[in-house]
Amino acid sequence: MFRPFAWRTHWLAVAVGVTGCLALGASAAQTAPVSADPQSHYVRAGDTIFVSGRLAHWFGTLLAQFAHPDDAGAVRADANHPERRVRHIVFVNALGRPERTLGVDMLSPRLQGRSVRMTVMGRCDLFCARIFMLGTQRAFGQDLPGQGSWIDIRPPIDLQTQQWVNREPEQQVQALTRARPELLAYAARWSDAMRRTQDASGGLRLYLDRPAQFCPSAGHACETWPDMTAQAIGLVTERNRVPVTLPATLADASPDAPWPPFYDPE
């Protein structure tokens, strides 16, 4: 059964020691975090962006960091200033409900041809999972205190009715895996999990190296899927955890925070 967790960001004093394709650039390691607010759900440090909590707090700002291919002026400015580019996004208990697939469709063309790393710490809800799939390199960071790290495979919420969209789960899996067609090998099982999820307390959790866990809801017995880990199915490109130093200005976010008001990224 799923259990709520609590965490704090200030515990981390771990130096970034990442090597290879997931290593933070020198500018990210040496540049002080920039934030307009003492505690923000969106913090940029060098070429790395940290986001936490509900997408209403960070998605619009994140989207603006990437030039749309139809915006000739922005594309030209991006080409002339490679030092401004974002190369790493860290999701820390990033929660997207209610989801809007169009938001990912807006981000996807902006990431075409870019090498962007995606790292998950804590809970990565369905909207976060869709963005995570867009990463050319994908990894899990270290666990947060008292809380594991996982990616949710769950039905979306209808924006008008605020009800679960359990019908036609195959289409939802197609949307989720659009950037990672190799994961369609698990489409039937993920669709079955979406179809059987009953409320916000249920769903399928994919962990890095622990067996996945499916719960229809908190009031029902859970199932363990031993063969399905993020490592085993190729959801991540880095098999080991990537140590990440969280900025002191990144706001705390609970993995079970209440839903925000309706948010339209348009």
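Quick notes on this one:
- Distance between modelled label sites at Asp256 and His81, nm, 7 Å Cα→Cβ extension: 4.4
- Contact order relative to length of region 148-211, as percent, for alpha carbon pairs under 8 angstrom and 6 or more apart: 46
- A straight line joining the Cα centroids of region 41-63 and region 136-210 runs 21 Å.
- In order along region 48-53, phi translates into HN-Hα couplings of 10, 10, 10, 10, 9, x Hz, rounded to whole numbers, per the Karplus curve 6.51 cos²θ - 1.76 cosθ + 1.60 with θ = phi - 60° and x for Gly and Pro.
- Descending by average beta-carbon neighbour count within 10 Å, the peptides 205-213, 127-135, 227-235 line up as 127-135, 205-213, 227-235, the highest first.
- Shape call, region 148-211: gyration tensor on alpha carbons, a/c limit 1.5: oblate
- Simple spin-label estimate for Thr136 and Leu63 gives 2.4 nm between the two label positions (7 Å along the Cα-to-Cβ direction from each Cα).
- Rounded if a/c under 1.5, otherwise prolate or oblate - region 40-140, Cα gyration tensor axes: prolate
- Potential extension, Arg239-Glu223 segment - 0.36 nm per residue separation minus Cα distance: 3.4 nm
- Rounded percent of accessible protein surface that carbon and sulfur make up, region 148-211, 1.4 Å probe: 48
- Computed extension length for Arg210-Asp71: 45.7 nm, one decimal, from 0.36 nm per residue of separation with the Cα-Cα distance subtracted.
- Between Pro109, Gly46, Ala64, the Cα set farthest toward the positive side of the dipole of region 40-140 (charges on each charged residue's Cβ, about the Cα centre) is that of Gly46.
- Solvent-accessible surface of region 148-211, taken per residue with a 1.4 Å probe and all protein chains present: 45 Å².
The values are calculated or read from the model by the stated rules, or taken from the named source; none is laboratory data. Only a predicted model underlies this, so the values are computations on that prediction, with no experimental measurement involved. Cβ sites come from the backbone with ideal geometry, for glycine too, and all protein chains shown count toward neighbours. To get the accessible areas, we keep the full protein, side chains included, count just its heavy atoms, and leave off ligands, DNA and RNA. Shrake-Rupley method; radii C 1.70, N 1.55, O 1.52, S 1.80 Å.
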